[in-house]
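Derivation of every value follows stated rules applied to the coordinates shown; laboratory data play no part. As the structure is a prediction and not an experimental result, all values here were calculated from the model. Quick reminder, even Gly has a Cβ in these numbers, built from the backbone with ideal geometry, and neighbours come from all protein chains shown.
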Amino acid sequence: MFIRLGYEIGISCDQPTPMMTFLSVDHARRSDIVSERGPISDPAVRMGAVTDPFGNVCMRMVVPAGGLRLTYDAVIKDSGRPEPVNRSAAVVPVEKLPPECLPYLSASRYCETDRFGALAWRLFGETEPGWARVQAICDYVHQRLTFSYGYTATLRTAMEAHEERAGVCRDYAHLAVTLCRCMNMPARYVNGYMGDIGVEGDPAPMDFNAWFEVYLQDRWYTFDARHNIPRIGRIVVARL
């Protein structure tokens, strides 16, 4: 199966402004791209690729006064299969986790694990550790929040989303990541492309999506608290 992807983004600045974009297809999928055009800036500026500490490919540039427009268009080869489900995947004890997973147990500015610990253990402490526990967290977040574009503040945290009971896909991911980390399961935020493949079309304008990954048994697995079903054709842009 082939998937067309891309973006058109306008950026406005009052003065020349250094910028790094998280818009590039994840390096693991670069070999699947069969054609691409861009990224292209108008007006033209010099762009260079850098890799951040999480392994994400970023474009570095200086946006001129007045701003610019960025465009990208590509076709990528995909298996056409939903992401794998492994209901027997077990939780890994903290002392046996690979070192690279440990940062994904910590709190962050958006994921206040210190404020959720008691609630998380009360809600999910009796659930079987592993896949079933992550799925229980997805079910809770899916039912707790109502999707609404009216909640898009850039500094909105998992606790704010939980208490206001509404949000966009980013808020679903932040809340689920926070609850997983409270239960000692490494979880990381993911954003990227996800079209309406194999599901009923969404009438809302297409946009980037957010979901999350949890480390179970011996690998990272994809979960999505907003849609709460396996999906086809996710294309990762960045993980945090």
TODO: Measure out, as a whole number of angstrom, how far apart the alpha-carbon centroids of segment 16-72 and segment 158-201 sit.
DONE: 25
Task: Residues listed by number, segment 184-214, amide nitrogen under 19 Å from residue 228 label point at 7 Å toward C-beta - done: 199-202, 210-214
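For segment 2-77, what does the relative contact order come out to in percent, with C-alpha contacts under 8 Å and a separation of six or more? Present the calculation step by step, with values, prior to reporting the outcome.
On the way: 150 pairs, mean separation 41.9, N = 76.
Relative contact order comes out at 55 percent.
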TODO: Please find the FRET efficiency linking residue 114 to residue 32, where r is the Cβ-Cβ separation and R0 is fixed at 45 Å, and quote it to the nearest 0.05.
DONE: 0.70
Task: Which labelled figure in (1) 1.06; (2) 0.96; (3) 0.91 is Cα Rg over 2.2 N^0.38 Å, once derived from the coordinates - done: (1)
TODO: Could you compute the FRET efficiency for residue 123 and residue 146, with r as their C-beta to C-beta distance and R0 at 30 Å, rounded to 0.05?
DONE: 0.95
Task: For the chain, built as a Gaussian network whose Cα springs stay under 10 Å, the top-fluctuating residue of 186, 84, 129 - done: 84
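May I ask for the longest run of the chain untouched by trypsin sites (Lys or Arg not before Pro) that are loop-located per DSSP and have at most 10 neighbouring C-beta atoms (other than their own) within 10 Å?
Details: sites that count: 46, 87, 109.
My reading of the result: 110-240 is the longest stretch.
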- [ ] Extending each Cα 7 Å along its Cβ direction at residue 196 and residue 14, get the distance between those two points in nm, one decimal.
- [x] 4.0
Task: Residue among 117, 150, 195 with the largest mean-square fluctuation in a Gaussian network model of the chain, springs linking Cα atoms under 10 Å - done: 150
Open item on the list: What does the C-alpha gyration tensor say about the overall shape of segment 113-202? Classify as rounded when a/c is under 1.5, otherwise prolate if a/b is larger than b/c, or oblate.
Closed with: oblate
Open item on the list: Suppose each label sits 7 Å from its Cα in the direction of the beta carbon; what would the residue 86-residue 155 distance come out to in nanometres?
Closed with: 4.0
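Quote to one decimal, in nm, the extra length available between residue 218 and residue 1 on full extension: 0.36 nm per residue of separation minus the C-alpha distance between them.
On the way: separation 217, 0.36 × 217 = 78.12 nm, distance 2.81 nm.
Using 0.36 nm per residue and subtracting the Cα-Cα distance, I get 75.3 nm.
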Task: Helical contribution to [θ] at 222 nm, DSSP H n ≥ 4, -39,500 (n - 2.57), averaged over the chain, rounded to 500 - done: -6000 deg cm²/dmol
TODO: Starting at the first residue of segment 2-13, write each ³J(HN,Hα) from the Karplus equation 6.51 cos²θ - 1.76 cosθ + 1.60 with θ = phi - 60°, in whole Hz, x for Gly and Pro.
DONE: 10, 10, 8, 9, x, 7, 9, 10, x, 10, 10, 9
Task: Nitroxide proxy distance, nm - points 7 Å out along Cα→Cβ at residue 42 and residue 71 - done: 0.4
